[in-house]
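The values are calculated or read from the model by the stated rules, or taken from the named source; none is laboratory data. Since this is a predicted model, take the numbers as computed values, not measurements. Quick reminder, even Gly has a Cβ in these numbers, built from the backbone with ideal geometry, and neighbours come from all protein chains shown. Just the protein is used for accessible areas: all its heavy atoms, side chains included, with ligands, DNA and RNA removed. Shrake-Rupley method; radii C 1.70, N 1.55, O 1.52, S 1.80 Å.
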Amino acid sequence: MSDWLIILLGVTLLCVGLILMRRSFYRLAEGSAGLLNALLDDVPDEMEKQRRLIAAVGRQLRALLVFFVLLTSIFAVAALPFIVAQPAEGPLLPDLANWPALLAMLVGGTLPFVAFSSTGRKRDYSEWSILLHRMVLDNGNLGALLFGWDVKRFRRKHPIDTRVPLLVSGLARSGTTALTTLLARSSSVRSLTYASMPFLLCP
C-alpha cells in the first residue's frame, strides 16, 4: 500500500471520528456552562448550593470521561492504517514531506466535512449557534453575570438614563414587531432585536 493512500485513509478516519463525536463535545461545553452557572448561584441555603454544585461536577466528570474515551478511540482507529501498513523494520509514519502526502492529508481532511455538511438536513441555525443559545439561555446566573458586565461597560460610556421604559406588547400577528422595529430606528429608543439572541438581557 502506498504512503499517500495510508495517509488519506488515516486522516479521513480521524476527521470522520471527530465529526461523529461532536455531540460529546457539545455536552462537555454545555456542562462547563452549567458548572459555572452552579458556581454563580446565590441560593441562600448553602447546603442546597453545595448539592447543586456536586451534581454539576458529577455530570461534567461523566461528560469529560466519555469525551476522553471517544477521543482516544478515534485516534486509535485513525492510527490503524499506519500500524497495519508498517513494514517489519522502518518508521511508523510514512514520509510526509512530499506533495502526494500533503495532497492526501488535504483531501482526507476535507472530504468528510464536505460529505457531512451536504448530507445533513438544512436548519435555520448552525450547530454552533444552537450550542451558544443553550449555554446562555439554559443558565440564568450566567446570563445575569453577562448582563452585569454589560451594564458596567455601558455606564462608563453613557450617563445613566432614568426615563421610564416603553413596553410594546400585543397578540400574535398584531404588528408589535413592526412597531418595535420602527421605534428602534429612532436615536432616542433602544430595543432588543433577534440579533440580540441569545443575550436577551443585553440590548
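Things worth noting here:
- Net length available on complete extension from residue 193 to residue 166 is 8.2 nm, with 0.36 nm assigned per residue and the Cα-Cα distance removed.
- Diffusion constant of the chain at 25 °C, which comes from Stokes-Einstein with the Kirkwood Cα-pair radius and 0.890 mPa s, µm²/s: 112
- Normalised per residue, the accessible area of the chain is 73 Å², obtained with a 1.4 Å probe and no contribution from ligands, DNA or RNA.
- Under the span-like rule (Cα at least 24 Å along the axis, Kyte-Doolittle mean at least 1.0), DSSP H helices of the chain: 3-20, 46-84, 99-119
- Note on residue 53/residue 5: beta-carbon distance plugged into 1/(1 + (r/R0)^6) with R0 of 45 Å gives a FRET efficiency of 0.30.
- Between residue 62 and residue 25, residue separation times 0.36 nm minus the direct Cα-Cα distance comes to 12.1 nm.
- Gyration tensor (alpha-carbon) shape descriptor, the stretch 124-183, a/c threshold 1.5: oblate
- Taking all protein chains as shown and a probe of 1.4 angstrom, residue 118 keeps an accessible surface of around 80 Å².
- Of 26, 194, the residue with the largest accessible area leads and the full order is 194, 26 (1.4 Å probe).
- Surface accessible to a 1.4 Å probe, residue 157 within the full protein complex, Å²: 140
- Using a cutoff of 8 angstrom between alpha carbon atoms and counting only pairs six or more residues apart, the relative contact order for the chain works out to 29 percent.
- Where 42, 124, 150 fall by accessible area, highest first, once all protein chains stay in place (1.4 Å): 124, 42, 150
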